[in-house]
Amino acid sequence: MSLLVESRAALSVRDLTFSYHHVCGGHSRDDKGWAIRGLSFRVREGEVLGIIGPNGSGKTSLVKLLAKVVRPHAGSIDLFGVAIDGMAQDAVARRVALVPQETAQLFPFTIAELVLMGRFPHHSAGWRFGGMEWETPEEIGLAERVMSDLHVRHLADRLLHEVSGGERQRAVIARALVQEPDVLLLDEPTAFLDLHHQMEIIAILRRLNAQRGLTVVMVSHDLNLASQACDRLLLLRHGEMVALGTPDEVIRPELIREVYDCEVLVDRHPVSGRPRVTL
């Protein structure tokens, strides 16, 4: 059972509006240019929130905004009551970790080096004037435990380009967990994983949520996975909210038909009792 704290929001989003066109210096008022339009919602501390919706609905843009990777054209985001617009990027990164869809392989890092990069926000002050702060034995032990949990410890000395996409994805999730965030943002975390590792990742996230009260925001194209794994779902279309609520409230045939433009059967999972979608 999740540790939901109704009186406190991990993230509060108000009237959020964002356009890549405006970021690039454009000034078009064409509504089609907005990735996010007038979005307002709260992520409760200690919940697992799933973000769902068809391609182009603004899911990836939203998690980038929540991590301050990009900045909104209008509106605001509060992190535990503090506006992230006024926070330094490393201060945001000490509390929020982002697992993107893809990780660039520009340098020949090993898996262990990639994972330990998760500690950088906690050491960033030591790098500002040319100095270095090496990881402590405790941090190395943390990285080893997390790599073991995600079944990549045996790959510690392998280079990123030498491992499979699924192994690399698990290492990227390990890097985020080594960051020890209060909020974990994941953009399609199971996209490159086989069924066994999908189940493992979801189990680890639910365990951290239950044991530490970790707040998790997860983008997923898999409606069934989102239904089974998340406390609430945010359904987007064209950058706007269509529905926000429990899986029972959001995974309904009429809503799926409206947003995805296809007919589906929604019944109950035989074990969990949660909604299950069949084409």
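The values are calculated or read from the model by the stated rules, or taken from the named source; none is laboratory data. This structure is a prediction, so every number in the text was calculated from the model and none was measured. Every residue, glycine among them, receives a Cβ derived from its backbone with ideal geometry; neighbour counts consider all protein chains shown.
When each of Glu200, Glu180 is tested for being acidic (Asp, Glu), touching a His at 6+ places or on another chain (Cβ under 9 Å), part of a helix (DSSP H, G or I) and more than 20 Å from Gly58 (Cβ to Cβ), the lone residue that passes is Glu200. The set of residues in the range 71-95 that are farther than 22 Å from His123 by Cα, out of contact with any Asp or Glu (no Cβ under 9 Å at 6 or more places or on another chain) and in contact (Cβ under 8 Å) with a residue 12 or more places away in the chain comprises His73, Asp78, Gly81.
Considering only residues in the range 100-131 that are of a type in the set (Phe, Trp, Tyr) and at pLDDT 65 or above, the one that is nearest to Met147 (Cα to Cα) turns out to be Phe109.
The condition of being at pLDDT below 95 and hydrophobic (A, V, I, L, M, F, W, C) holds for Leu193.
Out of everything in the range 33-70 that is in contact with an Asp or Glu (Cβ under 7 Å, 6 or more places away or on another chain) and more than 26 Å from Gln228 (Cα to Cα), what residue ends up being surrounded by the most Cβ atoms within 10 Å (Cβ to Cβ)? The selected residue is Arg37. Among the listed residues Leu49, Leu11, which satisfies the condition of being modelled with pLDDT of 95 or more, within 14 Å of Val183 (Cα to Cα) and touching a Cys at 6+ places or on another chain (Cβ under 7 Å)? Testing whether each residue is modelled with pLDDT of 95 or more, within 14 Å of Val183 (Cα to Cα) and touching a Cys at 6+ places or on another chain (Cβ under 7 Å) leaves just Leu49.
Taking the range 269-279, which residues are more than 19 Å from His221 (Cα to Cα) and of a type in the set (Lys, Arg)?
Here is the first cut: in the range 269-279, the ones more than 19 Å from His221 (Cα to Cα) are 270-273.
Correct list: empty.
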